[in-house]
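*Asks:* Got a structure here, written out as structure tokens. Questions coming.
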Amino acid sequence: MEKIIALLDLDYFYAQCEELRNPSILEKPIVIVMPSIRENSGVVATSNYLARQKKIRSGMPLSLAKKLASEDTIFINADKKYYFEVSKKVFEVIDFYVEKVEQVSVDEAYLDLTSPEGFEKAKQKIEKIIAAIKLELGLTCSVGLSSTKFIAKMASSINKPNGLTIILPKEVEKFLKKQRVSKLPGVGPKTEKKLVQKHILFVNDLLSHSVEEFIPIFGNVKAKKLIDFSKGVDEREIIPNREKKQLSRILTLEKDTNSFDKISKKVSFIVPIVFNESKKTGKGFKAASIILVNSTFETITRSKTQVEEITSDSELEKICLNLLQSYLLESNSYIRRIGVRVSNFDEGLGVQKKLFDYK
Ligand code: TMP
Ligand code: CA
């Protein structure tokens, strides 16, 4: 089956996280700083697009960023703990939709969207994921969708921010030819300089060269990779590195409400979706939670862990509705969003194993 790979990359991640928790800074240039032990010193971790317009970029010394900044530029010290929490939530959404996920950094992952239904289905799926990350967490990302890791990665950077770029297998050759060699993985400034000396500026220029020519300059491995990439060849598989620890689904209510009837309808709608997803993992789970986001955007979680696995959606529904009822009795806040989460997965075969054991 033809491989279909997406590279999902959250836009200007640390800065977007800051915009998320403090919308009053939206529309302003934002620079996230990794402070140094020396006073007034540090390096730029990232910047939002308004700051990038002023040429303030990742890796730049703070002193230079301050020279380039306008008066309304906001400098914020990096709060990695918070960014990792946000990242965790993003990956929970991704894990819900995709079985094979290779996380490569706090804000980037390869997703395996291979299926017999091909690219059209993969496109629909990735659009769903992008929309869910936006709706559930308020974050934008950029995605590349293609048949290899490196083309997916290259494609992801074409329509940043908030862009989806699809390069179909039949389009790869044309797409690659016009790219600068510096866009290929492993081609940094030093390699680029050596290639430019040989009048190789674009991937198209690489096509008339052989591996043998490059071995003395770059060594065996790099020379082969360079030629492979220039032809669109990349055999690297997605190596799933995320263990599913929980599954959740969250929905926005039509109107903020504290009515049990209205909220419970959504819970009853979400429960079978989450339950069916959990079955796909082949693992049983013992904990159920409801997630509530109130009208002031606070997130509240109420959980219950059973001694035995939860083996039916009606059992899950009952637990969630009980949790909802007791929450509404003790709180008078209005609910904006409601979610259901299952967690505490076992290592066995879950529901299947349990049925088998009882035979
Ligand atoms: P991004 O901002 O381009 O999305 O990059 C992802 C995050 O990685 C970014 O928000 C902060 C972190 N980062 C650094 O700390 N230093 C760097 O040089 C780069 C490129 C990113
Ligand atoms: Ca990013």
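Quick note: the coordinates plus some simple rules give every number you see, no bench work behind them. All of these numbers come straight from a predicted model, not from anything done at the bench. Methodologically, a virtual Cβ is constructed for each residue, glycine included, from the backbone with ideal geometry; neighbour enumeration extends over all protein chains shown.
*Asks:* For the stretch 67-93: of the residues being loosely packed, with under 15 Cβ neighbours inside 10 Å and over 30 Å from Ser343 (Cα atoms), which is nearest to ligand 2 (Cβ to nearest atom)?
*Replies:* Checking each candidate, the answer is Asn77.
*Asks:* Here's a check for you: in the stretch 103-116, which residue that is surrounded by fewer than 20 Cβ atoms within 10 Å (Cβ to Cβ) and either β-branched (Val, Ile, Thr) or away from ligand 2 (no atom under 15 Å from the Cβ) (or both) is farthest from Ile129 (Cα to Cα)?
*Replies:* Here the residue is Pro116.
*Asks:* Only one of Phe91, Phe75 is closer than 30 Å to Ser115 by Cβ and of a type in the set (A, V, I, L, M, F, W, C); which? First the steps, then the outcome.
*Replies:* On the way: Phe75 fails: closer than 30 Å to Ser115 by Cβ.
The match here is Phe91.
*Asks:* Something else: When the residues of the stretch 232-246 are filtered to those that are part of a loop (DSSP other than H, G, I, E, B) and in contact with a strand residue (DSSP E or B) (Cβ under 8 Å, 6 or more places away or on another chain), which remaining residue is farthest from Lys149 (Cα to Cα)?
*Replies:* Filtering the stretch 232-246 down to residues part of a loop (DSSP other than H, G, I, E, B) leaves 232-245.
Add one more test, that the residue is in contact with a strand residue (DSSP E or B) (Cβ under 8 Å, 6 or more places away or on another chain), and what stays is 238-242, 244-245.
Values: Ile238: 8, Ile239: 11, Pro240: 13, Asn241: 16, Arg242: 18, Lys244: 22, Lys245: 26 Å.
For the stretch 232-246, the residue satisfying everything is Lys245.
*Asks:* So is Pro61 surrounded by fewer than 16 Cβ atoms within 10 Å (Cβ to Cβ), without any contact (Cβ under 8 Å) to a residue 40 or more places away in the chain, within 25 Å of the chain's Cα centre (by Cα) and more than 10 Å from ligand 1 (Cβ to nearest atom) or not? Full working, then the answer.
*Replies:* Details: surrounded by fewer than 16 Cβ atoms within 10 Å (Cβ to Cβ): yes; without any contact (Cβ under 8 Å) to a residue 40 or more places away in the chain: yes; within 25 Å of the chain's Cα centre (by Cα): no; more than 10 Å from ligand 1 (Cβ to nearest atom): yes.
So Pro61 fails the test.
*Asks:* State whether one or more residues within the stretch 98-109 are more than 16 Å from ligand 1 (Cβ to nearest atom) and either part of a helix (DSSP H, G or I) or closer than 25 Å to Arg21 by Cβ (or both). If you could, list the steps in order and put the result at the bottom.
*Replies:* Residues of the stretch 98-109 more than 16 Å from ligand 1 (Cβ to nearest atom): 98-102.
Those left that are additionally either part of a helix (DSSP H, G or I) or closer than 25 Å to Arg21 by Cβ (or both): none.
Within the stretch 98-109, none of the residues are more than 16 Å from ligand 1 (Cβ to nearest atom) and either part of a helix (DSSP H, G or I) or closer than 25 Å to Arg21 by Cβ (or both).
*Asks:* Here's another thing I want to ask about it. Residue under question is Leu7, and the condition is that it be crowded, with 21+ Cβ neighbours inside 10 Å, more than 9 Å from ligand 1 (Cβ to nearest atom) and closer than 20 Å to Lys89 by Cβ; does it hold?
*Replies:* Numbers: crowded, with 21+ Cβ neighbours inside 10 Å: yes; more than 9 Å from ligand 1 (Cβ to nearest atom): yes; closer than 20 Å to Lys89 by Cβ: yes.
In short, yes.
*Asks:* Within the stretch 1-56, which residues are assigned to a loop (DSSP other than H, G, I, E, B), away from ligand 2 (no atom under 16 Å from the Cβ) and touching a residue at least 40 places away in the same chain (Cβ under 8 Å)?
*Replies:* Met1, Glu2, Lys3, Ile4, Lys28, Pro29
*Asks:* Shifting gears a bit: Taking the criterion of being in a loop (DSSP other than H, G, I, E, B) and in contact with a Ser or Thr (Cβ under 7 Å, 6 or more places away or on another chain), would at least one residue in the stretch 111-123 satisfy it?
*Replies:* no
*Asks:* Could you grab me the full set of residues in the stretch 139-162 that are within 16 Å of ligand 2 (Cβ to nearest atom), small (Gly, Ala, Ser) and not in a helix (DSSP H, G or I)?
*Replies:* Selection gives Ser142, Gly144, Ser157.
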